[in-house]
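For reference, the structure is listed below as structure tokens.
The values are calculated or read from the model by the stated rules, or taken from the named source; none is laboratory data. Predicted, not measured: the structure shown is a model, and the values here were computed from it. No Cβ is skipped: glycine too gets one built from the backbone with ideal geometry, and neighbour counts run over all protein chains shown.
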């Protein structure tokens with residue numbers, strides 16, 4: 001009996017560690033590394049089963065070579081993972097309230113500056129649906145979120161200011177991204193390309209998009225195919241705080257319920 005308990009505990013601990021490490025690697029290039037290893041392993045097993053000795057030998061040496069190349073090629077991702085473990089985030093990857101509040105304030109300050117100076121902007125907040133198809137051909141950033149960087153990216157003389165900036169909870173992913181326009185024909189003709197692109201990305205994903213109008217000097221939220229106009233700083237702060245902190249500690253249904261309760265009063269009747 002005790003042997004079975006130890007065996008179960010042994011398997012459970014190792015499985016949990018592997019799972020949490022994979023969670024830390026989500027959204028990084030190292031995910032492709034894991035897929036490559038799985039593919040090589042499956043190919044090696046198939047070659048061994050079919051008695052393709054030369055292919056099996058080649059795949060075995062390829063795997064050994066990868067063990068040498070991994071620390072060099074994926075040094076930034078491995079360092080990030082070790083930093084997360086060092087901060088105690090191996091078992092609990094969630095953003096604390098102070099960090100979520102600071103990031104929210106950085107974005108709200110940038111949006112406020114752009115509102116006052118009527119600088120057009122389109123900021124897409126990635127959630128569970130990956131947006132790689134839209135940022136892989138854009139200008140990669142992999143940068144920390146800051147008020148100054150956001151303003152610089154959308155500055156009128158910047159060649160990237162016409163495209164969207166895509167970000168997730170870990171930082172700014174890419175700039176100069178081109179998004180699909182919405183097929184919704186009921187949208188007012190007074191809305192320009194930025195608003196239609198913001199709606200378009202929410203039609204094909206669960207992302208949120210924040211648009212700064214250079215004509216009206218207001219911030220609009222696009223989410224789930226709806227537009228919420230003229231958001232105030234306090235509303236933006238609360239929305240972004242939910243994005244950075246709430247989604248990591250609440251089930252998806254609860255997170256969506258909170259978001260809908262926040263923005264539903266802003267929808268046009």
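Just a few scattered comments:
- Residue among 187, 201 that is surrounded by 22 or more Cβ atoms within 10 Å (Cβ to Cβ) and either assigned by TED's automatic domain parsing to the domain that holds residue 222 or within 18 Å of residue 127 (Cβ to Cβ) (or both): 201
- Single residue of the stretch 87-125 satisfying the filter (within 24 Å of residue 232 (Cβ to Cβ) and assigned to a loop (DSSP other than H, G, I, E, B)) that is modelled with the lowest pLDDT: 95
- Residues that are under 21 Å from residue 132 (Cα atoms) and not in a helix (DSSP H, G or I) were ranked within the stretch 1-30; the one that is modelled with the highest pLDDT is 26.
- Residue in the stretch 31-86 that is modelled with the lowest pLDDT, counting only those that are surrounded by 13 or more Cβ atoms within 10 Å (Cβ to Cβ) and outside any helix (DSSP H, G or I): 74
- Looking across the stretch 152-169, the residues that are out of contact with any strand residue (DSSP E or B) (no Cβ under 9 Å at 6 or more places or on another chain) and either within 14 Å of residue 240 (Cβ to Cβ) or in contact (Cβ under 8 Å) with a residue 12 or more places away in the chain (or both) come down to 155, 156.
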